[in-house]
Amino acid sequence: MRMKISEAAAASGCHLETIRYYERVGLMPRPTRTGSGYRAFTPADVERLRFISRGRELGFSLEEIRSLLRLNDDPSLSCGDVDVLARAHLADIHQRIQALTRMAGELDRVIAQCAGGERGTCTILGALRHTGEACAGSDATHDLGALRRSGI
């Protein structure tokens, strides 16, 4: 059974442009085309799109998903290889949670100091202008940069 991209999008839950993007970056193989030039997707393509979407929902990067797809597509590889990748990803998630917790604590502290007075004496704006002073003894500033680089 072949389906057009709109049907594959509906069946997989992926947006049309997302499917095209996954094709461009090589996560999805280029589908065959109908005589009139439409993409023709198979049920296996829809399953692959769901796999990618679920990986994204779990926070895997596109490169991690690429690795998982290779592991999924090669029956000679062991589940141990998948386990190693998943455990590394889980460790990364735990690090991000710790960083977010530290940032939330710092933001709680700054907000609690806010007296609601004049803008010029606003502790929240001051903390943003003077990051080093506001975060003395805290890694929150560095955590934010790390989180931005990791995609949060």
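In table form, for the structure just shown:
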{"item": "SER150 being farther than 30 Å from GLU7 by Cα, surrounded by 12 or more Cβ atoms within 10 Å (Cβ to Cβ) and at pLDDT below 90", "result": "yes"}
{"item": "Hits in the stretch 61-82 - residues which are among the hydroxyl-bearing types (Ser, Thr, Tyr) and farther than 20 Å from ALA44 by Cα", "result": "SER61, SER78"}
{"item": "LEU90, sole failed condition from (1) at negative phi; (2) assigned to a loop (DSSP other than H, G, I, E, B); (3) not assigned by TED's automatic domain parsing to the domain that holds LEU27", "result": "(2)"}
{"item": "Condition check for LEU58: touching a residue at least 40 places away in the same chain (Cβ under 8 Å), out of contact with any Gly (no Cβ under 8 Å at 6 or more places or on another chain), outside the structural domain of LEU125 (by TED's automatic domain parsing) and surrounded by 11 or more Cβ atoms within 10 Å (Cβ to Cβ)", "result": "no"}
{"item": "Enumeration of residues in the stretch 123-146 that are in contact with a helix residue (DSSP H, G or I) (Cβ under 9 Å, 6 or more places away or on another chain) and at pLDDT 55 or above", "result": "THR123, ILE124, LEU125, GLY126, ALA127, LEU128, THR131"}
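The values are calculated or read from the model by the stated rules, or taken from the named source; none is laboratory data. This structure is a prediction, so every number in the text was calculated from the model and none was measured. Note that we place each Cβ from the backbone using ideal geometry, even for glycine, and neighbour counts take in every protein chain shown.
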